[in-house]
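Nothing in this text is a laboratory measurement; each read-out follows from the coordinates by a stated rule. Computed from a prediction, not measured in an experiment: that's the story for all the values here. Methodologically, a virtual Cβ is constructed for each residue, glycine included, from the backbone with ideal geometry; neighbour enumeration extends over all protein chains shown.
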Amino acid sequence: MDIFEAIKTRRSIGKVKDQMISKELIEKIIEAGTWAPNRYLTEPWRFFVISGEGRNKLSKVMENIVLDSGIDLESKEGKAKLDKEKNKPFRAPVIIAVAAEVSDNKKVLKIEELGAVYAAIQNMLLTAFGLGIASYWKTGNACYDPKMKEFFNLKENDEVLAFIYLGYSDFEKNPPHKKPITELVKWIDK
Ligand SMILES: Cc1cc2nc3c(=O)[nH]c(=O)nc-3n(C[C@H](O)[C@H](O)[C@H](O)COP(=O)(O)O)c2cc1C
């Protein structure tokens, strides 16, 4: 597929089947992530592949994060919120959590480590799309909670930047509205 066409037609798709994705394809998606640009070649990306029974562990972390947020478990809204969070990991057969392990080298800027990992994530979404696999980049409050870092054994300065939900899907989605680039670009040529 032409790269520009892939960039334009990739969509975030949440409605996926239970059908498992092969390890080979999951590894290809991850390898694509590792080819992103990264300053000082720090390779700050780390990947956690969560599937099958492993999703129960992620569900438990998500549950604990909501429980500690002080929600009212007696209320209908509180119960619904807890259920929603607990069930998130079961929305797809495979979730790849993508984190930035920030270099402790003094010349390395954290913003650039995160930038490299964000670029890796986009590589992964596009590669999944090219392989006929639907993806959805999700974060939510749980992504940035210290308990999530703990679960993945990350350091305080590291960051979890994405949960990429992956699965096969027949679902099609209309593209979102895009501003014309004339509204976004200033040419500085004089
Ligand atoms: C940093 C980041 C975090 C995101 N987190 C969520 C999320 O928590 N929930 C969600 O529904 N979509 C999330 N998205 C996906 C966007 O909603 C999605 O990309 C947007 O609606 C455009 O749709 P498209 O990807 O099909 O073009 C996130 C995207 C980015 C870049």
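Under 5 Å between amide hydrogens, built in the peptide plane, is the criterion, and for V94 it picks out L166 among residues at least 5 positions away or on other chains. Reported value for the range 75-118: 119 Å³ per residue, from the convex hull of its C-alpha atoms. Where the centroid of each part is defined by its Cα atoms, how far is the range 1-55 from the range 66-84 in Å? Here the two parts' Cα centres lie 32 Å apart. Build a GNM of the chain with springs between Cα atoms under 10 Å apart, and of G33, G132, G167 the one that fluctuates most is G132.
Given R0 = 45 Å, the distance between the Cβ atoms of A119 and D72 translates into a calculated FRET efficiency of 0.65.
So which chymotrypsin sites (Phe, Trp or Tyr not before Pro) in the range 7-78 pass both tests, a DSSP loop state and at most 14 other Cβ atoms within 10 Å of the Cβ? Please list the in-between numbers first.
Details: sites: W35, Y40, W45, F47, F48; in loops: W35.
Within the range 7-78, the qualifying chymotrypsin sites (Phe, Trp or Tyr not before Pro) (loop, at most 14 other Cβ atoms within 10 Å) are W35.
If R0 equals 30 Å, the separation of the Cβ atoms of E27 and A6 corresponds to a calculated FRET efficiency of about 0.90. Working note: Karplus 6.51/-1.76/1.60 with θ = phi - 60° gives the range 34-46 the couplings 6, 8, 6, x, 8, 5, 6, 6, 6, 6, x, 6, 9 Hz, where Gly and Pro are set to x.
Hydrophobic, long helices, defined as DSSP H runs whose alpha-carbon span along the helix axis is 18 Å or greater and whose mean Kyte-Doolittle value is at least -1.0, occur in the chain at 54-67, 110-130. Percent of Cα pairs in the range 93-132 per distance bin of 5 Å, from zero to the largest separation: 6, 21, 22, 20, 13, 9, 6, 3, 0.
Which pairs, out of K8/K149; K110/K147; K107/K138, put more than 23 Å between their alpha-carbon atoms?
On the way: K8/K149 33 Å; K110/K147 20 Å; K107/K138 31 Å.
K8/K149; K107/K138, as the Cα separations exceed 23 Å there.
Taking 0.36 nm per residue of separation and subtracting the Cα-Cα distance, full extension of the segment from K60 to V108 would add 13.9 nm.
Summarised in one figure, the compactness ratio Rg/Rh of the chain, Cα atoms and Kirkwood Rh, is 1.01.
Spread over its residues, the convex hull of the C-alpha atoms of the range 1-80 is 202 Å³ per residue. Which shape class, rounded, prolate or oblate, goes with the range 115-162 when its Cα gyration tensor gives a ≥ b ≥ c as root eigenvalues, a/c under 1.5 marks rounded, and past that a/b bigger than b/c marks prolate? Because a/c hits 1.5 or more and a/b exceeds b/c, the range 115-162 counts as prolate. Start at zero, step by 5 Å, and the Cα-Cα distances of the range 75-155 spread as 3, 11, 17, 20, 19, 14, 9, 5, 2, 0, 0 percent across the bins. Computed from the C-beta positions of K15 and E183 and an R0 of 25 Å, the FRET efficiency is 0.20 to the nearest 0.05.
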